[in-house]
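See below for the structure under consideration.
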Amino acid sequence: MRIASVKRPERVAVIGAGILGASVGWNLTRHGAKVVFIDAGQPGEGVTNWSFSWVNASNKTVRKSYFDLNVAGMAAYRELARTIGPDSWWHPSGHLRWTDDPAAEAKFLETAELLASWDYRVEVYTGAEVRRRLEPALTMPGEVPVLFYADEAWVHGRHLVGRLVGQAVASGAEHRSGTAVRDIGAGSDGSIRAVALSDGSRLDVDTVVNAAGPNASHIAELIARHLPMRREPGVITRISCAQVPIHRAMHAPHIELRPDGDASMVLHSREIDALIDTGEDPAELARLLHESARHVVPELGNSRIVETRVANRPIPADGFPSVGAVPSVPGYYEAVTHSGITLGPVIGRLLASEILSGKRDEMLADFRPERFLP
Ligand SMILES: Cc1cc2nc3c(=O)[nH]c(=O)nc-3n(C[C@H](O)[C@H](O)[C@H](O)COP(=O)(O)OP(=O)(O)OC[C@H]3O[C@@H](n4cnc5c(N)ncnc54)[C@H](O)[C@@H]3O)c2cc1C
């Protein structure tokens, strides 16, 4: 852990009020910092509202430090739910995964063993047990192995962002929505001085947090920084149903499903994402998602597609988060990541602490913005 010579910020502009910006700004406000949230749209209506929103670390085994950060993300959610109350945003009901492909099944079981060796809670049920004990509405073979990750969850991202921004504003934060950051002004020493907005106003700030999600590389360009990002769009469909027949998030064969409220569900599939660039109409992609969902949950026969959106994942080029200060531009910080639903609260806590104290947490050592310096 290194302690840089950082003076406490006078006023912080948080650019983007999705799950990342809301989490950083809420943590800063709690510790007495003066914060202004700026969002080109409305809080929580960016990718955060068009996400499968599964809080997990079981899908993050690619690098141990990344897995550990995601485990910390899960713990940060439990802490957040204790602090602000669970309300309609927090759904810690676990996650189910099974497949109809023998090769994929062997891989899942191998990953489950690795996760168990890392002390991550995983149970293996049969399809029959899952139907009897957890999800009676599912169609699945009785003998198929099903992984149950009991500590995982799903989150209603838009509701959570509303809570965090609302609490921060009640504690004195400012909030500008429907206006975009067009420019970032720096002093002769290169440090942050102001942001210029599309409504013509200019705000004096000495710190900015780039939490602009898929638009983060454009914000970085405003300080002449190159933040390379991948293009990896995904399609999310919401359906409405009289009563939601499932209780938790799940990866079923060819389809991911989760509840999204009392009469709404969210559908997603990596297989359907792969069709986005073929020029297929999003309405057709939604129809394919709906068809797969009805296959797994026959009770969805009377459900109806309500809305569909193709959204870009905010992914730095190497696939890992970019979080922290860029030392060459004093006062500029990044909070840009895929898996941002899982990571928002932990990144919010760690980055706010770094901004206020200059302490760089070891947990972020592999995810520093400096790795993208030219
Ligand atoms: C299909 C799909 C499935 C996903 N599934 C999961 C999952 O299961 N689990 C998980 O953890 N993650 C998942 N993710 C990723 C996760 O949703 C994102 O990482 C997370 O929502 C990013 O939040 P954010 O706050 O960075 O971005 P956003 O929510 O997009 O917020 C950024 C905000 O910045 C604002 N903005 C942009 N430009 C400007 C500007 N110039 N001035 C002012 N404001 C600006 C926008 O209006 C927006 O509100 C998924 C993503 C997709 C697309």
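Every number in this text was worked out from the coordinates using simple rules, so none of it is lab data. These numbers were taken from a predicted model, which means no experiment stands behind them. Neighbour counts are summed over all protein chains in view; Cβ atoms, including those assigned to glycine, are modelled from backbone coordinates with ideal geometry.
When all C-alpha to C-alpha distances in segment 95-150 are sorted into bins of 5 Å, what percent of pairs does each bin hold, rounded to whole numbers?
Here the calculated profile for segment 95-150 is 4, 21, 30, 23, 15, 6, 1.
Which value, in debye to the nearest 20, describes the size of the charge dipole of segment 244-295 about its Cα centre when Lys and Arg Cβ atoms bear +1, Asp and Glu Cβ atoms bear -1, and nothing else is charged?
320 debye
Kindly provide the helix-only [θ] at 222 nm of the chain, computed as the sum of -39,500 (n - 2.57) over DSSP H runs of four or more divided by all residues, to the nearest 500 deg cm²/dmol?
Calculated mean residue ellipticity at 222 nm is -9500 deg cm²/dmol.
Using alpha carbons only, how many angstrom separate the centre of segment 277-334 from the centre of segment 97-123?
Distance between centres, Cα-based: 24 Å.
What distance in nm separates the two pseudo spin-label positions at residue 318 and residue 240, each 7 Å out from Cα along the beta-carbon direction?
Taking the simple label geometry, residue 318 and residue 240 are separated by 4.6 nm.
Compare 168, 116, 33 in a GNM of the chain, Cα atoms joined below 10 Å, and give the one with the largest fluctuation.
Taking springs between Cα atoms under 10 Å, the residue moving most is 116.
Would you report the distance distribution of C-alpha pairs in segment 233-312 as whole percents per 5 angstrom bin, up to the bin with the largest distance?
3, 17, 31, 26, 15, 6, 1
For the residue pair residue 103 and residue 167, what label-to-label distance in nm results when each label sits 7 Å from Cα along the Cα-to-beta-carbon direction?
4.6 nm
What percentage of all Cα-Cα pairs in segment 220-353 are separated by more than 26 Å?
Everything past 26 Å amounts to 38 percent.
7 Å from Cα along Cα→Cβ at both residue 221 and residue 371: what's the point-to-point distance in nm?
2.4 nm
Go ahead and set up a Gaussian network model of the chain, Cα springs under 10 Å, then flag whichever of 231, 97, 82 fluctuates most.
Ranking 231, 97, 82 by mean-square fluctuation puts 82 first.
With springs connecting C-alpha atoms under 10 Å apart, model the chain as a Gaussian network and identify which of 270, 238, 63 has the largest mean-square fluctuation.
Of the options given, 63 has the highest mean-square fluctuation.
For the chain, state the semi-axes of the equivalent ellipsoid (square roots of 5 times the eigenvalues of the alpha-carbon gyration tensor), sorted largest first and rounded to whole angstrom.
Square roots of five times the eigenvalues give 37, 22, 19 Å.
Using all alpha carbons of segment 30-83, what is the percent of pairwise distances in each 10 Å bin, ordered from the shortest bin to the longest?
Cα pair-distance distribution for segment 30-83, in percent: 19, 31, 40, 11.
Starting from the Cα-Cα distance between residue 114 and residue 310, subtract it from 0.36 nm times their residue separation and give me the gain in nm to one decimal.
Stretched out fully, the residue 114 to residue 310 stretch lengthens by 67.2 nm.
Find out how many positive minus negative residues lie around residue 338, taking Lys and Arg as positive, Asp and Glu as negative, among other residues whose Cβ is under 9 Å from that of residue 338.
That sum, taken over residues with Cβ under 9 Å, equals +1.
What number comes out for the charge environment of residue 185, summing +1 per Lys or Arg and -1 per Asp or Glu over other residues with Cβ under 13 Å away?
Within the 13 Å Cβ shell, the charges total -1.
Can you give the extra length, in nm with one decimal, that the chain gains between residue 64 and residue 123 once fully stretched, where that is 0.36 nm per residue apart less the Cα-Cα distance?
Gain in length upon complete extension: 19.1 nm.
Give me the net charge for the shell around residue 144: Cβ to Cβ below 12 angstrom, other residues only, Lys and Arg +1, Asp and Glu -1.
-3
With r defined as the distance between the Cβ atoms of residue 275 and residue 189 and R0 fixed at 45 Å, what FRET efficiency is calculated, to the nearest 0.05?
The computed FRET efficiency comes out at 0.35.
Please identify every one of the trypsin sites (Lys or Arg not before Pro) in segment 134-209 that sits in a loop by DSSP and has no more than 11 other beta carbons within 10 Å of its own beta carbon.
none
Select from the chain the helices, each a whole stretch of DSSP H, whose alpha-carbon atoms run 18 Å or more along the helix axis and whose Kyte-Doolittle mean is at least 1.0; answer none if there are none.
Span-like helices in the chain: 340-357.
Which chymotrypsin sites (Phe, Trp or Tyr not before Pro) does segment 120-182 hold that lie in a coil by DSSP with at most 12 other beta carbons within 10 Å?
Within segment 120-182, no chymotrypsin sites (Phe, Trp or Tyr not before Pro) qualify (loop, at most 12 other Cβ atoms within 10 Å).
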